Amino acid sequence: MSFLAFFNTYLCYVTFVAADKDAHPNIAYPLTNQLTPLAARFYGTWTAVSGILRLVTAYKMNEKGLYFTTWAGFVVTCLNFGSEVLVYETTTWGSLGVGLALDIFTVVWMGWCLL
């Protein structure tokens, strides 16, 4: 999963730049429903950080602090997905699909192991 996260980070930085050369790279466009270069880079950076956490935790699962930090990162992601549906209404539960299902499964499983 970590390697997929790194590939996704690459796509967030490279593909978006190639697709929208006329867009200003540092401005979020509040009145459009399209992903901006700024949002793509934020998402790419978050994906890289979560990939690093997953990779390091997979090799050092006995370190409670690191394990808890990785678990907390997945909790934050689930809360973010939930807020996008319930608070900001920018997406639907159905469109989050597999990503949300994996996050919820991971939070429950890792949380159970923390007990």
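Evaluating Thr45 against the criteria (1) within 22 Å of Phe6 (Cβ to Cβ); (2) surrounded by 14 or more Cβ atoms within 10 Å (Cβ to Cβ); (3) at pLDDT 85 or above leaves one unmet condition, (2).
Quick check on the range 76-86: of everything there that is surrounded by 10 or more Cβ atoms within 10 Å (Cβ to Cβ) and of a type outside the set (Ser, Thr, Tyr), which residue is farthest from Thr45 (Cα to Cα)? Among residues in the range 76-86 that are surrounded by 10 or more Cβ atoms within 10 Å (Cβ to Cβ) and of a type outside the set (Ser, Thr, Tyr), the one farthest from Thr45 (Cα to Cα) is Val85.
Taking Leu114, is it in contact with a helix residue (DSSP H, G or I) (Cβ under 7 Å, 6 or more places away or on another chain), loosely packed, with under 12 Cβ neighbours inside 10 Å and modelled with pLDDT of 90 or more?
It is true that Leu114 is in contact with a helix residue (DSSP H, G or I) (Cβ under 7 Å, 6 or more places away or on another chain), loosely packed, with under 12 Cβ neighbours inside 10 Å and modelled with pLDDT of 90 or more.
Just one of the listed residues (Leu96, Leu38, Leu55) is out of contact with any His (no Cβ under 8 Å at 6 or more places or on another chain), at pLDDT below 80, surrounded by 13 or more Cβ atoms within 10 Å (Cβ to Cβ) and not assigned by TED's automatic domain parsing to the domain that holds Phe6, and it is Leu96.
Taken over the range 61-75, the criterion of being exposed (fewer than 13 other Cβ atoms within 10 Å of the Cβ) and in a helix (DSSP H, G or I) is satisfied by Lys64, Gly65.
The values are calculated or read from the model by the stated rules, or taken from the named source; none is laboratory data. For clarity, every value in this text was computed on a predicted model and none was experimentally measured. Cβ sites come from the backbone with ideal geometry, for glycine too, and all protein chains shown count toward neighbours.
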